[in-house]
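Q: What follows is a single structure, and I will ask about it in a moment.
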Amino acid sequence: MARRNCGFVLRRVYTFVVIFCSIRLVGQTEVKGEVPQPTESPAQTFAPRASRLLPNSNVKLGVGDLVEVAVFGVPDLSAKTRISGSGDIYLPLIDYVHVADLTTDEAQAMIQKRLEDGGFVRNPHVSIFVDESISQSITLLGEVSHPGPYPATGERRLFDLISAAGGLTEKAGRAVTIERRGTPEEKIQLQISSNLAEDDKSNVDIFPGDTVFVSRAGIIYVVGDVNRPSGFLIEDNNLSVLKALALAGGSTRTSALSKTKILRQTPNGVQAIPINLKKVLYAKAPDVALVKGDILFVPGSAAKAAAYRTGEAALSLTTSVAILAVHP
């Protein structure tokens, strides 16, 4: 046991001597004297490819983040490491440093102080770059193919994130809500276009810790004795009975238009709202606006009795109809 402990100590001493000597070989000014003025900034010298950097370099660090620590002029002290479960990273000479919950600027200042206080480097300049921000990933929810957290690597914009999640689902609406980390009360509301390639205005920057929610479009069903029973996706409550009937191909010759009903889900159950569609068609009664989730049931003349039911038969029809998008 004593022999193993002695070997461990000797290896630590050897590592210290090698690094210390390399520092002196780089230039005595790194340990003694004034630091020379670099022709390039430290960020330019040690920064990895820009596509891997976070949009905001001064982000808060957390457990699991992969970081690059660079000491200007002393490459032997640079390291690429992942923050441990205890929130620490290991660096040559100064051992473990607790950086979790610190910003990159705060962590840089602390490492610089420990290098200088230990007499290892005079006037050190430390840069920290975040390659993978696990602790501050971007969360994408709602109507996308693969919702969930996504790493905040590189520059992220809204449409890039949607693309990484497999795109929008067939039931996706156009309303997108972005909640910024730290300011959940300040939500950003966007209305994206059905053609994302032509909507540069809504392609905003997304930052680590953001939560993005893609809404689901409302569905209105038209079932019964119509030419094309269907479900129609609508973004806003801007579809009326006549428009919905037209989208469904109109009524048939056997439709009992005067017995038409709107089946609407309410807190007290399904409410059947009678509509005399015949009068509406002849402008003898006003058109009626539909809301998301409504079912427009047009019975046939041979099924008048079914028109007075609670709507269970009509509700079952919605499971087999086609769903179509409606763009105003």
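Since every read-out is calculated from the coordinates, none of them should be taken as a lab result. Values in this document were obtained by computation on a predicted structure and should not be read as measured data. Cβ placement follows ideal geometry from the backbone for every residue including glycine, while neighbour counts extend to all protein chains displayed.
Q: For Thr254 and Asp76, calculate 0.36 nm times their separation in residues minus their Cα-Cα distance, and state this gained length in nm to one decimal.
A: Between Thr254 and Asp76, full extension yields an extra 55.5 nm.
Q: So if each residue of separation counts as 0.36 nm, and I subtract the Cα-Cα distance between Asn276 and Tyr90, what length gain in nm does that give?
A: 59.3 nm
Q: State, in angstrom, two size descriptors of segment 138-216 derived from its alpha carbons: Rg to one decimal place and Dmax to the nearest whole number.
A: Looking at segment 138-216, its Cα Rg and Dmax stand at 11.4, 32 Å.
Q: From Cα coordinates alone, what are the radius of gyration and Dmax values for segment 190-272 in angstrom?
A: Values for segment 190-272 (Cα only, Rg and Dmax): 18.4, 59 Å.
Q: Which order do Ile89, Ile220 fall in if you start with the one that has the fewest other Cβ atoms within 10 Å?
A: Ordered from fewest to most neighbouring Cβ atoms within 10 Å, Ile89, Ile220 come out as Ile89, Ile220.
Q: Then there's this: Most exposed first by the Cβ proxy, i.e. fewest other Cβ within 10 Å, how do Arg180, Arg253, Arg114 rank?
A: Ascending Cβ contact count within 10 Å gives the list Arg253, Arg180, Arg114.
Q: Exceeding 30 Å between C-alpha atoms, which entries from my cross-link table qualify? They are Lys259/Lys292; Lys80/Lys187; Lys171/Lys279; Lys171/Lys201; Lys187/Lys261; Lys187/Lys243.
A: In this structure, Lys80/Lys187; Lys171/Lys279; Lys187/Lys261; Lys187/Lys243 lie more than 30 Å apart at Cα.
Q: With charges only on Cβ, +1 for K and R and -1 for D and E, what is the dipole size of segment 138-216 about its Cα centre, in debye, rounded to 20?
A: 180 debye
Q: What distance in nm separates the simple spin-label points at Arg216 and Asp160, each placed 7 Å from Cα in the Cβ direction?
A: Going by the 7 Å Cα→Cβ label model, 3.0 nm.
Q: Going by C-beta contacts inside 10 Å, put Tyr150, Tyr96 in order with the fewest on the left.
A: Placing the least packed residue first, the sequence is Tyr96, Tyr150.
Q: Turning to a different aspect of this structure: Compute the relative contact order of segment 49-136 as a whole-number percentage, counting only Cα pairs closer than 8 Å that sit 6 or more residues apart in sequence.
A: Answer for segment 49-136 is 40 percent.
Q: By how many nm would the segment from Lys187 to Asn268 grow when fully extended, if each residue of separation counts as 0.36 nm and the alpha-carbon distance is taken off?
A: Gain in length upon complete extension: 25.9 nm.
Q: Under a point-charge model restricted to the Cβ atoms of Lys and Arg (+1) and Asp and Glu (-1), what is the dipole moment magnitude of segment 49-136 relative to its Cα centre, in debye to the nearest 20?
A: 200 debye
Q: Now for a different question. Suppose we take every Cα in segment 88-173 and form the convex hull; what volume per residue is that in Å³?
A: Hull volume over Cα atoms, normalised by residue count, gives 104 Å³.
Q: Could I ask something else about it? For segment 49-136, take the alpha-carbon Rg, divide it by the Kirkwood Rh, and send me Rg/Rh.
A: 0.94
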